[in-house]
Amino acid sequence: MKHINLIAAVGEKMELGFQNQLLCHLPADLKHFKSLTIGHTVVMGRKTWDSLPIKPLPNRRNLVLTSNRNLHFEGAEPIYSPEELLAQINDQEEVFIIGGASVYKTFINIAQKLYITRIEGTFEADVYFPKIDTSRWQLVEETYISNDDKNPYSMIFQTYLAIPEAKPAHPRNN
Ligand SMILES: NC(=O)c1ccc[n+]([C@@H]2O[C@H](COP(=O)([O-])OP(=O)(O)OC[C@H]3O[C@@H](n4cnc5c(N)ncnc54)[C@H](OP(=O)(O)O)[C@@H]3O)[C@@H](O)[C@H]2O)c1
């Protein structure tokens with residue numbers, strides 16, 4: 001089975017970003033992101049790749065989704081469809097979908113885990129995280145991080161696990 005996680009930081013209205021930038025600078029969240037993704041595979045859309053100040057993300061396998069076969073991503077591998085991504089990763093690999101909005105929307109239905117940072121603030125935004133359907137996702141862990149001189153907003157680190165689909169009843173038991 002593929003190990004697919006989504007990781008995102010959202011505002012109170014599920015905001016993700018504005019004008020191809022993150023909502024705000026939160027070093028505590030960047031540290032959390034790094035600790036979870038380091039040594040693993042990160043997958044992002046081409047626009048998120050464009051927005052990264054440092055790329056590729058060091059010490060991680062970087063994969064970039066694009067439909068443009070003429071683009072070259074220094075230090076990252078291009079991927080041309082979600083199906084190609086699934087074919088490229090092996091079952092031992094821990095994969096983190098790191099955005100943006102279009103890529104979260106594509107993978108939320110096949111992921112097993114969500115790491116969501118709930119930023120306690122509202123922001124101007126032009127992209128949003130998809131709705132987290134509580135009949136499919138169970139909140140299993142949360143940690144509160146208070147704001148401080150380096151982090152202008154408080155935040156909650158949440159982990160959701162996909163609820164296994166209810167198995168259909170065996171015909172003989174009906
Ligand atoms: N808050 C967070 O945690 C977080 C995390 C990441 C990003 N963001 C924010 O999200 C925003 C970017 O999100 P976005 O939705 O505009 O862009 P995006 O998802 O980063 O990138 C979109 C691009 O990815 C490629 N792509 C997506 N799906 C594809 C598919 N099925 N097949 C082939 N290529 C595909 C296409 O590239 P081509 O156009 O090259 O074909 C598409 O234009 C920014 O504001 C960024 O800062 C926020």
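The values are calculated or read from the model by the stated rules, or taken from the named source; none is laboratory data. For clarity, every value in this text was computed on a predicted model and none was experimentally measured. We place every Cβ from the backbone using ideal geometry, glycine too, and count neighbours over all the protein chains shown. To get the accessible areas, we keep the full protein, side chains included, count just its heavy atoms, and leave off ligands, DNA and RNA. Shrake-Rupley method; radii C 1.70, N 1.55, O 1.52, S 1.80 Å.
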**OP:** For segment 29-119, run through the trypsin sites (Lys or Arg not before Pro) and keep only the ones in DSSP coil with at most 13 other Cβ atoms within 10 Å of their Cβ.
**Re:** ARG69
Subject >> Dimensions in Å of segment 3-164 - Rg and Dmax from alpha carbons >> reply: 15.2, 45
Original post:
Which of the GluC sites (Glu not before Pro) across segment 69-174 are loop residues per DSSP, with 11 or fewer other Cβ within 10 Å?
Top reply: GLU74, GLU124, GLU165
Subject >> Residues of type lysines that LYS105 reaches as a straight line, Cα spacing below 26 Å, ignoring anything fewer than 8 places off in the same chain >> reply: LYS2, LYS13, LYS31, LYS34, LYS47, LYS55, LYS113, LYS131, LYS167
Subject >> Value in Å of the Kirkwood radius, where segment 41-134 supplies the Cα pairs that are averaged >> reply: 14.4 Å
Subject >> Label-point separation, PHE18 to LYS2 (7 Å along Cα→Cβ), nm >> reply: 3.4 nm
Original post:
Given the chain, what percent of its DSSP beta bridges are antiparallel, to the nearest 5?
Top reply: 50 percent
**OP:** Beta carbons within 10 angstrom, averaged per residue: use that to sort the peptides 16-22, 5-11, highest first.
**Re:** 5-11, 16-22
Original post:
Roughly how many percent of the accessible protein surface of the chain is carbon and sulfur, given a 1.4 Å probe and a whole-percent answer?
Top reply: 52 percent
**OP:** Over every pair of different alpha-carbon atoms in segment 1-74, take the mean of 1/r and invert it; report that Kirkwood radius in Å.
**Re:** 13.8 Å
Subject >> Distance in nm between pseudo-label sites at LEU161 and TYR80 (7 Å out along the Cβ direction from Cα) >> reply: 3.9 nm
